[in-house]
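The values are calculated or read from the model by the stated rules, or taken from the named source; none is laboratory data. Small disclaimer: the values here were computed from a predicted structure and weren't measured. So basically every Cβ, Gly included, is an ideal-geometry build from the backbone, and we count neighbours across all protein chains shown. When the accessible area is computed, the model is the full protein with side chains, heavy atoms only, and any ligands, DNA or RNA have been set aside. Shrake-Rupley method; radii C 1.70, N 1.55, O 1.52, S 1.80 Å.
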Amino acid sequence: MTDIRFYNTFSKKIETFTPIKPGKVKLYSCGPTVYSHPHIGNFRSFLMADLLKRFLKFKGFAVTHIMNITDVGHLLADAEEGADKLEEEARKQQKDPLEIAQIYIDSFMQASELLNMEPANSFPRATEHIDEMIKMVETLVEKGYAYVVGHNVYYDITKFERYGKLSGNTIDDLNAGARVEVNSEKRNHQDFALWKHDPMHLQQWDSPWGKGFPGWHIECSAMSMKYLGKSFDFHTGGEDNIFPHHECEIAQSEGATGKKWVNYWMHGRFLLFDGEKMSKSKGNLYTIQELIEKGFKKSAIRYALISSHYRQNYNFTFDGLKAAQQAVEKFQQCVTMLKEASGNDSGAVRESITGTAEQYLAEFDAALSDDLNISKALGACFDLIREVNKVGDLNSDEAKVLLETFAKIESVLGILYEDRSDIPEEIVALAEQRLAAKADKDWAAADRLRDEIAEKGYILEDVPGGKFRIKQK
Ligand SMILES: [Zn+2]
C-alpha cells in the first residue's frame, strides 16, 4: 500500500500516517456551538473531516469518529471574556439555554444530512459530560497544572512546557500582546478558566469549587478521551480553533495524562464569500438551507465545499456553485449511462476497460493519499468520465466493472444523492412513532416498527444525538 501522508499542524510538516492500532482510526472533530444556524464556512470545516473519514474508510480503516456539541461555556470572544454564546441567545429569544441548543442541534443535523455527511459515531454534548470535566479539572489541580482562586479554577500555562507548540505562540509573545488584565486573580495573562463561578449564569452545576460551569476547552479534552481513549489518531477543526482552543486542549489533556494526546492535527482554512471574509455584518453567513431555498442543489453545495484543498482558502461564489452543479451532473450522467449499459448483453471484459478503471482509481487514490489533494483526485475522475464516454459499445460486464469503480469513488465523494426519491410521509410517520417508542423504552414496539419500515423497502438508521435517517433499500 502506498503511504498516506497528511500535513500535521503540530509539526508543520507533511507526515506519513501510521495509526496507533493497525487498521483502526480514531478521529475527533470539534463540532458546532449550538447558538445559531451553522453556515457554509462551518460546514467547510465539518466536510473536511467527512472527506478525511470517508477516504480512510476507502483505504480500509475502521474509523471511529466523535464530534462534540458545545452547549455551554463557549464565550463570545472565543477567549476568556464576554457572555456565553448560548446564554446570550437564550436571553435574546427568552428561552431556556437547552431549548436554544435543541433548535440549533436540529438545524445542524438537518444541514449535515442535506450535505450527505456521514454521521459521527457519537455527538456527545458538553452539558451531559460535566462529571468527566470536573474529574479532569481535579486531576489538573492535583498535578499542579491548575490552581483554585475562590470558586474559579485556572490553568497555569507556565507549568506546561509545550504550551504554544501547536499555534507557534510563545508565552512571552502572548504576554507582550495581551491587553491590560481585567481579571487580576489569574497568575498569567493567558491562563484560562477550567471552571467558572458566575451567579448570573443560566446553566450551573455543583462542583468541589462550588456552583459554576466549565470552560469551553475542557469539554473537548474530557469528551474525546471518554470516547477515544487517552491517545488517538486525528483531531480536526477550523483554523480559528488552533489558538486558543486546541492549544489549551493539548495543555489540559497531556497535563492530565502525561501522554501524547493526538498524533495528527488537521485544520481547514477559512471560506471566503466572493473574496470577502464572512461576517454577520456583511450578511453573507449563508446556511445550507438558505442556499437550497435559492434553488441550488444540495449535492452541488457539497461538491463546492469539498472541491478545493482544505489548506487553501476557498472562495465561495454563486457562479462557483453553478459550476459545481454541472460537475455533479457530469458524474451523474456517466453513472446513469453505465446503469443503462448494465442491461446490455453480457460479454468478455476488454483489457482496455479494466485498465482504464484501474488507472484512474489508482490516480484518485494517490492524489488523496497526498494530503487529501482533492483537485487532483477530481481531475482523475473527469479523465475517467471522458474515457468512459468515448467507449460506445459497453457490454453488461464491462458496465459493471466501471460501475464498481464509480461506487468506490462515490464512497469518498458522496455527491450522487440528489435524485434519491423523497421518503413518503407514511414511512416518516412510522419512524417518528418508533422514536417515541424508544423514548418510552418500549423496545418491542420499536423493533416492530423498524421491521415494518424494512418491509416497505426502507432502511432506518439511528443518528446518535439526532433523530434518524431513512434510505431506500
Ligand atoms: Zn474542541
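Once the Cα atoms are used to define both axes, helix 318-341 deviates from the longest principal axis of the chain by about 40 degrees. If I model a spin label as a point 7 Å beyond the Cα along the Cα-Cβ vector, how far apart are those points for E142 and D240 in nm? With each label placed 7 Å out from Cα toward Cβ, I get 3.7 nm. Rounded to the nearest 10 degrees, the angle from helix 40-58 to the longest Cα principal axis of the chain is 60 degrees. Label point 7 Å out from R187 along Cα-to-Cβ: which residues of region 211-253 have amide N under 19 Å? Correct set: 215, 218, 248-253.
Over the chain, dividing the summed -39,500 (n - 2.57) contributions of all DSSP H runs of at least 4 residues by the number of residues returns a 222 nm mean residue ellipticity of -14500 deg cm²/dmol. Round to a whole number: what % of the accessible area of region 425-472 belongs to carbon and sulfur, probe 1.4 Å? The nonpolar share, carbon plus sulfur, comes to 48 percent. Taking only alpha carbon atoms, the chain gives an Rg to Rh ratio of 1.00, where Rh is the Kirkwood radius. What the chain shows is 45 Å² of accessible area per residue, with the surface traced by a 1.4 Å probe over protein heavy atoms. Sorting M200, M223, M337 by accessible area puts them as M200, M337, M223; the probe is 1.4 Å, largest comes first, and only protein heavy atoms count. Separation of region 79-157 and region 1-75, taken as the distance between their Cα centroids, equals 19 angstrom.
In whole percent, and with a 1.4 Å probe on the protein chains, what portion of the accessible area of region 5-268 is carbon and sulfur?
It is 49 percent, rounded to a whole number.
H151 contributes about 90 Å² of solvent-accessible surface, heavy atoms of the protein only, 1.4 Å probe.
Stokes-Einstein diffusion of region 209-305 at 25 °C, 0.890 mPa s viscosity, Kirkwood radius from Cα pairs, rounded to a whole number: 150 µm²/s. A Förster distance of 35 Å, applied to the separation of the beta-carbon atoms of K12 and F318, puts the FRET efficiency at 0.50. How much of the accessible area of region 273-413, in percent, comes from carbon and sulfur atoms when a 1.4 Å probe is used? Exposed carbon and sulfur together represent 47 percent of the surface.
Taken over region 1-128, the ratio of Cα radius of gyration to 2.2 N^0.38 Å equals 1.22. Spatially close Lys pairs in region 275-386, defined by Cα atoms under 25 Å apart and a spacing of eight or more places or different chains, total 26.
Alpha carbon centre of region 227-257 versus region 279-294: separation in Å? Result: 30 Å between the Cα centres.
Using R0 = 30 Å, the C-beta based FRET efficiency linking N344 and N373 works out to 0.25.
Principal-axis analysis of the Cα atoms of the chain puts helix 374-390 at an angle of about 10° to the longest axis. Of V428, L52, I171, which is farthest towards the positive pole of the chain's charge dipole, taken about the Cα centre with +1 and -1 on the beta-carbons of Lys, Arg and Asp, Glu respectively? Comparing the listed Cα positions along the dipole, I171 ranks first. Legend: residues F243, F160, sorted from most to least accessible area (1.4 Å probe; ligands, DNA and RNA excluded), read F243, F160. Largest accessible area first, the residues K186, K226 order themselves as K226, K186 under a 1.4 Å probe with ligands, DNA and RNA left out.
Rounded to the nearest 20 Debye, what is the dipole magnitude of the chain about its Cα centre when Lys and Arg each give +1 and Asp and Glu each give -1 at the C-beta?
660
Near V34, the amide H atoms lying under 5 Å from its own belong to T70; only residues 5 or more places off or on other chains count, and H is placed 1.01 Å from N.
Do you know the relative contact order of the chain, to the nearest whole percent, from alpha carbon pairs under 8 angstrom that are 6+ apart?
So the answer I get is 17 percent.
Near N344, the amide H atoms lying under 5 Å from its own belong to S396; only residues 5 or more places off or on other chains count, and H is placed 1.01 Å from N.
Taking all protein chains as shown and a probe of 1.4 angstrom, C30 keeps an accessible surface of around 10 Å².
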